[in-house]
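Structure first, commentary second.
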Amino acid sequence: MDLEAVLYGSDESRESTAMVELLNELGVQFTYRRVNRDPSAMREWEQLDGERVPLLRMGKNSIVRGFDRIKVQQLIGSVGC
């Protein structure tokens, strides 16, 4: 099963940078949406949660708020990547 991964982050957020590094390390293909540069990314992020970055959306239903290495690894493992 291949889920679309979208990461909402910000240039000022160290956690966003760490999440990018983690996803790359795990071999996850993702789209990186910078909420501080892209108004449409900001609107999407606000509709999902809008409380903190990074916010990772996998598919339609799975969301990881903040930098949570274990949760991301569990999520990736559960989809067989």
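Among residues that are hydroxyl-bearing (Ser, Thr, Tyr) and either within 14 Å of residue 75 (Cα to Cα) or touching an Asp or Glu at 6+ places or on another chain (Cβ under 8 Å) (or both), residue 62 is included. Per the listing 43, 57, 33, the residue uniquely more than 11 Å from the chain's Cα centre (by Cα) and basic (Lys, Arg) is 43. Sub-6 Å Cβ pairs linking a first residue in segment 20-46 that is in contact (Cβ under 8 Å) with a residue 24 or more places away in the chain to a second residue that is assigned to a loop (DSSP other than H, G, I, E, B) and not charged (D, E, K, R), at least 6 apart or interchain, are 23/30; 35/10; 36/10; 41/35; 45/35, ordered by first then second residue.
Listed here are the strands (runs of 3 or more DSSP E) enclosed by the chain that have at least 1 residues being among the hydrophobic types (A, V, I, L, M, F, W, C): 5-9, 55-58, 62-65.
Rule-based calculations on the coordinates, nothing more; no lab input. Quick caveat: nothing in here was measured; it's all calculated off a predicted structure. Positions of Cβ are backbone-derived with ideal geometry, glycine not excepted, and every protein chain shown enters the neighbour counts.
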